[in-house]
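Worksheet: one structure, shown below.
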Amino acid sequence: MARRKLVYEGKAKILYEGPEPGTLVQYFKDDATAFNAEKKATIEGKGVLNNRLSEFFMTGLNNIGVPTHFLKRLNMREQLIRSVEIVPLEVIVRNFAAGSMAKRLGLEEGTQLPRPIIEFSYKDDKLGDPLVPEEYIIAFGWATQQDLDDIVALALRVNDYLSGVMYGVGIKLIDFKIEVGRIWENDYMRLIVADEISPDSCRLWDLETGQKLDKDVFRRDLGSLTDAYTEVARRLGVLPKGGAAPMGKPTLIN
Ligand code: UDP
């Protein structure tokens, strides 16, 4: 059998050529990195959980009319996605101060923000994904003003959806990151949610106890990352009954 063609390998995921033009297969690795890949580990089962969780969030978004790249899950670690042209920005939405914002402004983590705040980082690992103002984005041609208006609208819809879903299972959405991609339909360009949505890219705190259920568990050595992600998946009903490792029927891809 011919091996699939590798398109791109990142820190936590691999992209392979998909079975049809315009599609890709996204494979979730067990690798975890933090602090611009200075801290690294392999955490067994993380990829399986993130594949399931990203499927859950992206399907929900698709169902309420927020377009995403997700097409279908293929097996435990892989999903079929639409191929997009990634906008080279990390779009960060914050509801409560944490992480780099808390540090920069001297705010206590968990302080409620006056309104959701959106910020952009330029996607470049060598530079450590620097925070960039809109003026840079437009001047350097990474996105137009119209794109940014659309991205902000998209990010706020994702925020409302995710905040509500998480609140429903007793979790506070502190902040998250999304990536956005361009697709062309005839002559029209559309911006859709791409990459992944998982506890790797969100801050999730238990509503009652404040316990962290996201990648900060790994960043700050707070315990078992798999236990934290499993708890999120269990609350959302993403794991099969009994809480065993998520199982998926493998699908052969040519
Ligand atoms: N984030 C991410 N990838 C990045 C940077 C940030 O997924 O390369 C997420 C992070 O998990 C958090 C939010 O974006 O949910 C805000 O992160 P922050 O800017 O506070 O950076 P950090 O403190 O994680 O370095």
>> Let's test the formula: R0 of 45 Å, r as the Cβ-Cβ distance of LEU105 and MET189. What FRET efficiency results, to the nearest 0.05?
In response: 0.80
>> Taking the Cα centre as origin and putting +1 on Lys and Arg beta-carbons and -1 on Asp and Glu beta-carbons, what dipole magnitude results for the chain, to the nearest 20 debye?
In response: 820 debye
>> How large is the Rg to Rh ratio of the chain when both quantities use alpha carbon positions and Rh follows Kirkwood?
In response: 0.94
> Carbon-plus-sulfur fraction of the accessible area of segment 98-165, 1.4 Å probe, in percent?
Replying inline: 54 percent
> For the chain, modelled as a Gaussian network with Cα springs under 10 Å, which listed residue fluctuates most, GLU119, GLU109, GLU78?
Replying inline: GLU109
> Ignoring any ligand, DNA or RNA, what whole percent of the accessible area of segment 176-224 comes from carbon and sulfur when the probe is 1.4 angstrom?
Replying inline: 43 percent
> Accessible area per residue of the chain at 1.4 Å probe, in Å²?
Replying inline: 51 Å²
>> Bin width 5 Å, origin at 0, all Cα-Cα pairs of segment 188-236: what percent of pairs per bin?
In response: 5, 20, 27, 20, 10, 6, 5, 4, 2, 1
> Too long at a 18 Å Cα-Cα cut-off: which of LYS13/LYS46; LYS172/LYS215; LYS40/LYS72; LYS40/LYS215?
Replying inline: LYS40/LYS72
>> Among MET58, ILE43, LEU24, whose Cα projects farthest towards the positive end of the dipole of segment 1-92, with charges put on the beta-carbon of Lys, Arg (+1) and Asp, Glu (-1)?
In response: ILE43
> On average, how much area does the Cα convex hull of segment 1-49 cover when viewed from any direction, in nm²?
Replying inline: 4.5 nm²
> To one decimal place, what Kirkwood hydrodynamic radius in Å is obtained for segment 1-145 from all pairs of distinct Cα atoms?
Replying inline: 17.6 Å
> Counting other Cβ atoms within 10 Å, which chymotrypsin sites (Phe, Trp or Tyr not before Pro) in segment 1-70 have at most 13 and lie in a DSSP loop?
Replying inline: PHE35
> At a 1.4 Å probe, what is the % contribution of carbon and sulfur to the accessible area of segment 15-64?
Replying inline: 49 percent
> Within the chain, what is the longest stretch that has no trypsin sites (Lys or Arg not before Pro) placed in a DSSP loop and near at most 11 other beta-carbon atoms within 10 Å?
Replying inline: 6-219
> How big is D for segment 85-133, in µm² s⁻¹ as a whole number, if Stokes-Einstein is applied with the Kirkwood radius of its Cα pairs at 37 °C and 0.692 mPa s?
Replying inline: 280 µm²/s
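The values are calculated or read from the model by the stated rules, or taken from the named source; none is laboratory data. This is a predicted model, so every value here is computed, not measured. Cβ atoms come from the backbone with ideal geometry, glycine included; neighbour counts cover every protein chain shown. Keep in mind that these areas ignore ligands, DNA and RNA; they rest on the heavy atoms of the full protein, side chains included. Shrake-Rupley method; radii C 1.70, N 1.55, O 1.52, S 1.80 Å.
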